[in-house]
Amino acid sequence: VEQTFVMVKPDGVKRGLIGPIITRFEQKGFELAAISLRTIDRNLAETHYGELKSKPFFGELVDYLTSGPVCAMIWQGPHAVENARAIIGKTNPVEAGPGTIRGDFGMDISGNIVHGSDSDASAAREIGLFFDRDHVA
Ligand code: ATP
């Protein structure tokens, strides 16, 4: 079964968007395989976004991700990675179309509400960072 890693970022959790985001994944046809609400430390945030280490906004991104609880989830179903990215929308909410999570709920790239894995390899890596096997359905 194909799986992807999705994380409601701290701004999404603070704004009460866990429910609407879960609803969209369920309505699309995804099946929930794991869910965990937790505050992540800088080490995990830096590892998760390791490929962005050289970007000028990296420090700000790690501050943002560790500023409050995140809701980490594994969603599964056909073409899980591509289907999740389609309902999440483009990275910048300014460009994300209406009907997408970022397009409907976000205003600015520094608060884009949700993360979704960009490939099957990233999904496997990110699932391994956030979940123990015995917490997956
Ligand atoms: P994510 O990995 O969170 O799903 P993405 O794959 O759509 O997002 P990336 O280019 O991997 O986009 O960027 C990762 C995250 O870094 C973005 O979601 C956003 O929070 C942040 N980010 C990206 N570009 C910028 C920027 N120019 N300024 C501030 N933050 C940014």
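Every number in this text was worked out from the coordinates using simple rules, so none of it is lab data. Given the structure is predicted, the values throughout are model-derived calculations rather than measurements. In this analysis, Cβ positions are derived from the backbone assuming ideal geometry, glycine residues included, and neighbour counts consider all displayed protein chains.
Roughly what would the spin-label model give for residue 51 and residue 39, points 7 Å off Cα along C-beta, in nm?
Simple spin-label model gives 3.0 nm for this pair.
Once you charge only the Cβ atoms, +1 for Lys and Arg and -1 for Asp and Glu, what is the size of the charge dipole of the chain about its Cα centre, to the nearest 20 debye?
Values: 14 positive and 18 negative charges, 47 e Å.
Computed charge dipole of the chain: roughly 220 debye.
I want to make sure I understand the PRE zone here: with the label point 7 angstrom from the Cα of residue 110 toward its beta carbon, which residues in segment 32-76 have backbone N atoms less than 15 Å away?
The answer is 56-67, whose backbone nitrogens lie closer than 15 Å to the label point.
Ignoring everything except DSSP H segments at least 4 long, calculate the 222 nm mean residue ellipticity for the chain; use -39,500 (n - 2.57) per segment, divide by total residues, nearest 500. Present the calculation step by step, with values, prior to reporting the outcome.
Details: 7 runs with 56 residues, N = 137.
Calculated from helices alone, the mean residue ellipticity at 222 nm is -11000 deg cm²/dmol.
What GluC sites (Glu not before Pro) in segment 68-137 are in a loop by DSSP, with at most 16 other Cβ atoms within 10 Å of the Cβ? Walk me through the intermediate numbers first.
Details: sites: 82, 95, 126; in loops: 95.
Sparse-neighbourhood loop GluC sites (Glu not before Pro): 95.
Treat the chain as a sphere of radius equal to its Kirkwood radius over Cα pairs and apply Stokes-Einstein at 10 °C in a medium of 1.306 mPa s; give the translational diffusion coefficient in µm²/s, rounded to a whole number. Working shown, then result.
Working: Rh = 14.9 Å.
Diffusion coefficient, whole number: 107 µm²/s.
What trypsin sites (Lys or Arg not before Pro) in segment 1-64 are in a loop by DSSP, with at most 15 other Cβ atoms within 10 Å of the Cβ?
On the way: sites: 14, 15, 24, 28, 38, 42, 53; in loops: 15, 53.
Of the trypsin sites (Lys or Arg not before Pro), the ones in loops of segment 1-64 whose Cβ has at most 15 other Cβ atoms within 10 Å are 15, 53.
Output the direction-averaged projected area (hull surface divided by four) of the convex hull of the alpha-carbon atoms of segment 91-137, in nm². Let's see the in-between values first.
Values: hull surface 17.5 nm².
Value for segment 91-137: 4.4 nm².
Taking only C-alpha pairs under 8 Å that are 6+ residues apart, what is the relative contact order of the chain in percent?
37 percent
List the chymotrypsin sites (Phe, Trp or Tyr not before Pro) within segment 28-69 that DSSP assigns to loop and that have no more than 14 neighbouring Cβ atoms inside 10 Å. Walk me through the numbers before you get to the answer.
Values: sites: 30, 49, 57, 58, 64; in loops: 30, 49, 57.
When the chymotrypsin sites (Phe, Trp or Tyr not before Pro) of segment 28-69 are filtered for loop state and at most 14 Cβ neighbours within 10 Å, 57 remain.
If each of residue 135 and residue 91 carries a label point 7 Å out from its Cα toward its Cβ, how far apart are those two points in nm?
Computed distance between label sites residue 135 and residue 91 equals 2.7 nm.
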